[in-house]
Structure formats: structure tokens, C-alpha cells
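What follows is a single structure, written as C-alpha cells, with notes after it.
The values are calculated or read from the model by the stated rules, or taken from the named source; none is laboratory data. Given the structure is predicted, the values throughout are model-derived calculations rather than measurements. Cβ: placed from backbone, ideal geometry, glycine included. Neighbour counts: every protein chain shown.
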Amino acid sequence: MTATPRKIARKLYRSSPEDLVELTGRRYRALARRRRSPAPPTVAFLRSEEYRKLMNRYTPSGGDYGRHEAELATKSYVFRNFDVDDRLGAFRWRGIQENLDVVLDVIAEHSGLVVDLGGAASPFGLGSVVVDRLPEDAYGNPVPYRSLDELPGKADAIISSHTLEHIPDLEAELERIRESLRPGGTLLVLLPSFYCERWRVGTHSHASFGDHVWTFGLSGTPDVPDDLVSYVEIDRLLEQHFRVDSIAYCGDDSIFAVCRRDEDAGGHP
């Protein structure tokens with residue numbers, strides 16, 4: 001019997017850490033082989049009824065699963081991440097959909113340098129430039145820069161989706177991001193939150209992208225478990241490096257933040 005994406009998803013969410021490593025590695029290699037889309041989604045597609053329908057398929061009649069689709073592995077979450085992820089790309093995340101206007105305003109409207117940090121596995125496209133250690137992105141394009149230090153100039157904007165949780169020296173990376181932005185430049189960040197238990201440090205394993213080394217939440221969150229490993233109130237940390245315009249929990253058990261490089265922010269001269 002052929003394993004459907006949904007059956008694979010169920011295995012991923014019920015497997016031991018050792019099996020999870022093997023399954024996720026196989027899944028990523030299989031997805032790379034079967035990519036049907038030659039490029040990331042276009043603005044026209046993202047503004048279309050087709051995109052809305054794909055994102056909202058299998059949602060309840062009220063149209064909302066709440067914020068915990070990842071933890072619950074809802075039918076919609078599995079569909080977006082395993083059935084049509086080749087069509088949705090980086091825009092499959094509910095938190096990106098909820099903030100689509102902001103994301104498109106930053107990525108698609110900038111005429112300058114827009115950086116997709118850590119985006120090789122699922123690029124945002126729309127003219128953004130990928131910075132990643134992988135040699136190729138998911139569409140077979142060479143990744144031009146392995147580090148922010150290699151950029152030819154200051155970026156107008158940097159977007160990062162489910163990447164910072166993999167970086168051990170997080171404070172140094174945030175400072176590197178700040179220094180890579182022009183004054184007034186924008187940083188958009190989507191991060192996994194502690195609400196999804198399988199994304200917590202000590203639980204999450206991924207054969208292709210490495211384990212999570214940070215577990216994120218926001219200050220003032222009630223009833224945070226006492227046993228979280230490497231737990232960071234990410235709003236407090238971001239405030240040390242940027243002016244944080246907005247930050248909040250969002251769909252798919254994630255956190256979405258809009259930050260700016262402000263010369264007076266975070267004690268910088």
C-alpha cells in the first residue's frame with residue numbers, strides 16, 4: 001500500500017525521536033524529488049481565491065482552528081504541510097497567512113535588497129535573496145550567500161521563518177542581523193512557540209535541519225511549564241537589538257514579530 005502524505009504525517013507525530021529523524025529525512029528527500037512548482041508562489045497567487053481556499057481547506061465551519069493547529073496536527077495543518085506544501089511553499093504557515101499584507105508589503109514592495117535568512121528549504125521568493133548554508137534551494141537554484149557577512153551591502157529587509165531556533169549563538173546572530181540591515185530596515189520573524197510540544201528543546205529532532213536549541217515564548221505568558229529547556233522570552237531578547245513594532249502568538253503555534261533597526265534601540269548609539 002502506498003503511504004499517503006497524511007499517513008506519513010501521523011507517523012511523524014507518533015514516532016520515537018529515533019524514528020522521527022529517519023522519517024523526516026526521507027520525507028525531505030522525497031519532497032525535493034517531487035517538487036512540481038518551478039518557483040515560489042507569486043503575488044497574484046497569494047492574493048487569489050485559490051490560495052485562500054488551500055489555506056482554509058478542512059477548517060471548521062467557522063473557519064478557525066485557533067492557534068494550536070501544529071500541536072493538534074489538525075487536518076488542515078497536515079494538508080498544508082504534507083499535501084500541497086509544494087504549491088504553498090513558505091506561505092503555508094498560518095502565521096504568514098494571518099500577516100500576509102505585512103509580509104508582501106515588506107518583500108514584494110521593496111526595490112532594494114531583501115534577504116530570506118535560512119530559507120533554502122522553502123524560499124519566500126518574490127525577489128528576495130536566500131542566505132543559507134545549503135548549496136541549493138528547494139527549487140534547485142544555487143544559494144548565493146552562506147552568511148549575512150557575505151552580503152554585498154546593507155539589506156532593506158530580512159525575513160526569517162522557523163530558523164532562529166536552530167542557531168546556538170542566538171544573541172550574536174541577532175546582532176549580525178541588525179548590522180546587516182540599513183538604519184530603519186525591517187526584520188520579520190516567524191518562530192515556533194513552546195505551545196507545540198514536539199518543537200520544544202529535547203523533543204524536536206530533524207535529520208535535515210538539525211534539532212531545536214531554543215524554546216520560545218513571550219513575556220507575561222501565563223502557565224509556562226517549569227521544565228522547558230533553553231526557554232527564551234523572545235520579545236525581551238529582540239528588544240535588546242531592535243525596535244519591536246509588534247510581536248504576538250499566531251496560528252500554527254508560532255510567534256510573529258515585526259522589528260526595525262533603530263539607531264537608538266537596544267542601547268546602540
Against the condition surrounded by fewer than 19 Cβ atoms within 10 Å (Cβ to Cβ), at pLDDT 95 or above and over 18 Å from the mean Cα position of the chain (by Cα), how does ARG47 come out, does it pass?
yes
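Based on what the data block shows, is ASP116 at pLDDT 95 or above and either touching a Lys or Arg at 6+ places or on another chain (Cβ under 7 Å) or crowded, with 20+ Cβ neighbours inside 10 Å (or both)? Even if it seems obvious, please write down each step before you answer.
On the way: at pLDDT 95 or above: yes; either touching a Lys or Arg at 6+ places or on another chain (Cβ under 7 Å) or crowded, with 20+ Cβ neighbours inside 10 Å (or both): yes.
Yes.
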Note: among ASP227, ASP149, ASP245, just one is part of a strand (DSSP E or B), without any contact (Cβ under 8 Å) to a residue 60 or more places away in the chain, surrounded by fewer than 18 Cβ atoms within 10 Å (Cβ to Cβ) and among the acidic types (Asp, Glu), namely ASP245
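Having 3 or more residues that are closer than 18 Å to ASP156 by Cβ is the bar; report the helices (runs of 4 or more DSSP H) wholly within region 49-120 that clear it.
100-107
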Which of the following residues is crowded, with 22+ Cβ neighbours inside 10 Å, within 19 Å of VAL103 (Cβ to Cβ) and free of Cβ contacts under 8 Å to residues at least 60 places away in the same chain: SER193, SER128?
SER128
Within region 89-113, restricting attention to residues that are more than 19 Å from CYS250 (Cα to Cα) and surrounded by 18 or more Cβ atoms within 10 Å (Cβ to Cβ), which residue is modelled with the lowest pLDDT?
ILE107
Restricting attention to region 175-187, which residues are surrounded by fewer than 22 Cβ atoms within 10 Å (Cβ to Cβ) and under 19 Å from TRP214 (Cα atoms)?
GLU175, ARG176
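If a residue must be under 18 Å from the mean Cα position of the chain (by Cα) and either modelled with pLDDT under 95 or among the aliphatic types (A, V, I, L, M) (or both), how many such residues does region 170-193 contain?
From region 170-193, those under 18 Å from the mean Cα position of the chain (by Cα) are 170, 173-174, 177, 186-193; that's our starting set.
So of that shortlist, the ones also either modelled with pLDDT under 95 or among the aliphatic types (A, V, I, L, M) (or both) come out as 170, 174, 177, 187-191.
Residues in region 170-193 being under 18 Å from the mean Cα position of the chain (by Cα) and either modelled with pLDDT under 95 or among the aliphatic types (A, V, I, L, M) (or both): 8 in total.
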